[in-house]
Every structure is written in structure tokens, then in C-alpha cells.
Amino acid sequence: VADSPQIDGCIQGKRDARMSGGSEEGLADQAIHAVAAQVQERYHSADSASLSAYTPRVPLHVESNGHPVNIQVAWHDDTRRPQVDVWVGAPILTSTY
């Protein structure tokens, strides 16, 4: 086999309450810190956001805007229900959030 197989992973969950005042980003920063990662990129929109980071604890990475990334945390404020949907992926999220 010429190429090595790559394994992607994603965990989806929800928090049963609206979060406000930047608490979503604080929670994501805690998750990134827990795996000794450095944030490389941040994305924000009106109802969703994500952090992309790199940690030497994960042996695989991809390049994004010239930076290595191998973990991504994203969240979406679900306006139809009082909850926040959360995703964690490695090396990056490949599903829509």
C-alpha cells in the first residue's frame, strides 16, 4: 500500500442549556488545554464557532492556513431548542456544524 490509512474521529454531544457571555469558548478552551494543545485558529459566526488546535499527543495532523492542526472543537447554539450542540474531532471535523 503506497499510502498509510488515516483515521478520523468525531464525538457529538449537547449541553442542555443555553450558554452565554463566552462560556462556550471557555469550555472549548478547557477541552483544548486538557490535551495540552495550542489554539491555531478561531472561527465565530452568529450561532456557531470553532477552535482548531495542535497537540503533540496526537501523532497525525493536517495543515490549515500554514499551521498544523489535529483537534477541533465546535459548537452551535440551537435556536429551536434550549441547548448547545458540541463536536470534538481529530484531526479536524469533517461534518457540518
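The values are calculated or read from the model by the stated rules, or taken from the named source; none is laboratory data. Quick caveat, the model's predicted, so the values are computed rather than measured. We place every Cβ from the backbone using ideal geometry, glycine too, and count neighbours over all the protein chains shown. For the accessible areas, the whole protein counts, side chains as well, though only heavy atoms, and no ligand, DNA or RNA atoms are used. Shrake-Rupley method; radii C 1.70, N 1.55, O 1.52, S 1.80 Å.
For the range 41-73, filtering for residues that are modelled with pLDDT under 90 and aliphatic (A, V, I, L, M) leaves 4. Exactly one residue out of 1, 84 is at pLDDT below 85, surrounded by 14 or more Cβ atoms within 10 Å (Cβ to Cβ) and of a type in the set (Val, Ile, Thr), and it is 84. Filter the range 26-38 down to residues that are in a helix (DSSP H, G or I), open to solvent by less than 50 Å² (accessible area, probe 1.4 Å) and under 14 Å from residue 90 (Cβ atoms), then give me how many there are. Matching residues across the range 26-38 total 2. Based on this model, can you work out whether residue 58 counts as among the aliphatic types (A, V, I, L, M) and touching a Cys at 6+ places or on another chain (Cβ under 8 Å)? Judged against the criteria, residue 58 is not a match. Considering each of 63, 41 in turn, give the residue that is touching a Ser or Thr at 6+ places or on another chain (Cβ under 9 Å) and surrounded by fewer than 15 Cβ atoms within 10 Å (Cβ to Cβ). From the options 63, 41, the qualifying one is 41.
Of the residues screened, residue 11 is one that is within 12 Å of the chain's Cα centre (by Cα) and at pLDDT below 80.
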